[in-house]
1. Can you compute the charge dipole magnitude of the range 128-281 about its Cα centre, using +1 on each Lys and Arg Cβ and -1 on each Asp and Glu Cβ, nothing else charged? Give it in debye, rounded to the nearest 20.
2. Hey, got the dipole for the chain? About the Cα centre, +1 on K and R Cβ, -1 on D and E Cβ, debye to the nearest 20?
3. Per residue, how much accessible area does the chain show when a 1.4 Å probe rolls over the protein heavy atoms, in square angstrom?
4. What residue among 234, 87, 179 shows peak mean-square fluctuation when the chain is described by a Gaussian network model with Cα springs under 10 Å?
5. Within the range 16-116, list the chymotrypsin sites (Phe, Trp or Tyr not before Pro) lying in a DSSP loop whose Cβ has at most 12 other Cβ atoms in a 10 Å radius.
6. Residue 65 to residue 131: FRET efficiency via 1/(1 + (r/R0)^6), r the Cβ-Cβ distance, R0 25 Å, to the nearest 0.05?
7. What residues have an amide H closer than 5 Å to that of residue 249, excluding those fewer than 5 places away on the same chain, when H is modeled at 1.01 Å from N in the peptide plane?
8. Towards the positive end of the charge dipole of the chain, with charges on Cβ (+1 Lys, Arg; -1 Asp, Glu), say which of 193, 28, 89 has the farthest Cα.
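The values are calculated or read from the model by the stated rules, or taken from the named source; none is laboratory data. The model shown is predicted, which means the values in this text are computed figures rather than measured ones. Using ideal geometry, Cβ is built from the backbone for each residue, glycine included, and neighbour counts are taken over all protein chains shown. Just so you know, the surface numbers come from the protein's heavy atoms only, side chains and all, with ligands and any DNA or RNA stripped out. Shrake-Rupley method; radii C 1.70, N 1.55, O 1.52, S 1.80 Å.
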Amino acid sequence: MKLRFPMAKAQLIHIEVDRRLGHEWDEWNGRPLPKGGDFSAAPGLFFWFAALTIVAVTAALALLLYLVGPRLGGLWRPLPTALWILLGTLTAMQGLYLGVLVASFYAGRNLLPERLLERGPYLTLMNYTSLLARGFGKRDWVEHAAIDIYNTLAERRGRKVGRGELLVLIPRCLSKQALDGVLEVAGRYEVPVFVATRGQLARRVIRERRPRAVVAVACERDMMTGLRDVAGKLPVLGLTMQLPNGPCRDASIDLEQMEKWVQGLVGRAAPQQQAEPAPAP
Ligand code: SF4
């Protein structure tokens with residue numbers, strides 16, 4: 001009798017070579033991103049998550065203090081009471097800060113100097129809030145709202161710099177159309193453009209060129225890291241992207257917004273070079 005074995009079906013392993021994922025997207029499952037990779041969200045989403053973050057951090061510290069308080073009291077009796085007062089004061093200050101932040105945003109007027117607002121504790125609040133939002137699967141939307149709030153506050157400062165003092169940083173994942181648009185805007189305003197393939201490289205370019213302001217383009221995840229590392233030292237405006245083909249490839253951007261920021265920082269476009277008259281025959 002002849003035995004027949006079913007043919008083993010070969011498994012096709014498809015390796016994409018034209019997409020190099022940034023480490024921020026390591027856990028991407030390869031499926032299309034929601035809403036074609038547009039993570040637009042209302043600013044209120046960030047404010048709610050920020051309030052939740054403050055409550056969560058306070059609750060965690062209160063629980064810790066409740067557990068170790070009796071032991072600390074054994075070392076020095078007034079210590080637990082002092083720590084409870086400190087925790088209460090810190091929580092009140094955080095709540096007050098969030099209140100001033102919300103009021104600044106909605107009142108259309110920054111109520112604190114930039115070192116105390118968008119280029120100060122706000123950057124820390126953004127990062128802790130992003131960590132909490134990951135637990136709810138809302139990371140990209142909350143980060144988008146956080147970056148929008150940051151940009152609104154930063155833009156209101158009305159900063160002006162020279163053409164050579166502004167740096168435009170773009171990622172490697174822009175679509176051809178978006179890249180052509182960026183180069184066209186940068187050419188018109190005579191501002192230098194750098195493609196920063198990694199955050200480390202972006203920081204190096206900033207260190208070497210020493211710009212006085214930066215317009216950076218990146219996805220929400222990369223932008224959060226960039227703002228955390230750079231915005232405290234240097235004024236940055238951060239333009240997020242849409243990712244219709246998934247992360248790290250063919251990203252599109254709002255070129256009008258980018259031009260508005262460049263124009264706001266350096267003034268009007270450079271005068272067009274007159275074409276050389278053709279030599280007489
Ligand atoms: S900026 Fe582009 S290349 Fe960098 S992590 Fe985001 S999607 Fe990927």
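1. Numbers: 24 positive and 17 negative charges, 148 e Å.
The dipole magnitude comes to about 720 debye.
2. Working: 36 positive and 25 negative charges, 159 e Å.
The calculated dipole for the chain is roughly 760 debye.
3. Values: 17230 Å² over 281 residues.
For the chain, the per-residue accessible area is 61 Å².
4. Checking each option, the largest mean-square fluctuation is seen for 87.
5. Numbers: sites: 25, 28, 39, 46, 47, 48, 49, 66, 76, 84, 97, 105, 106; in loops: 28, 39, 76.
When the chymotrypsin sites (Phe, Trp or Tyr not before Pro) of the range 16-116 are filtered for loop state and at most 12 Cβ neighbours within 10 Å, 76 remain.
6. Details: r = 21 Å, r/R0 = 0.86.
Taking R0 as 25 Å, the efficiency between residue 65 and residue 131 is 0.70.
7. Those lying under 5 Å, H to H, from residue 249: there are none.
8. Farthest towards the positive end: 89.
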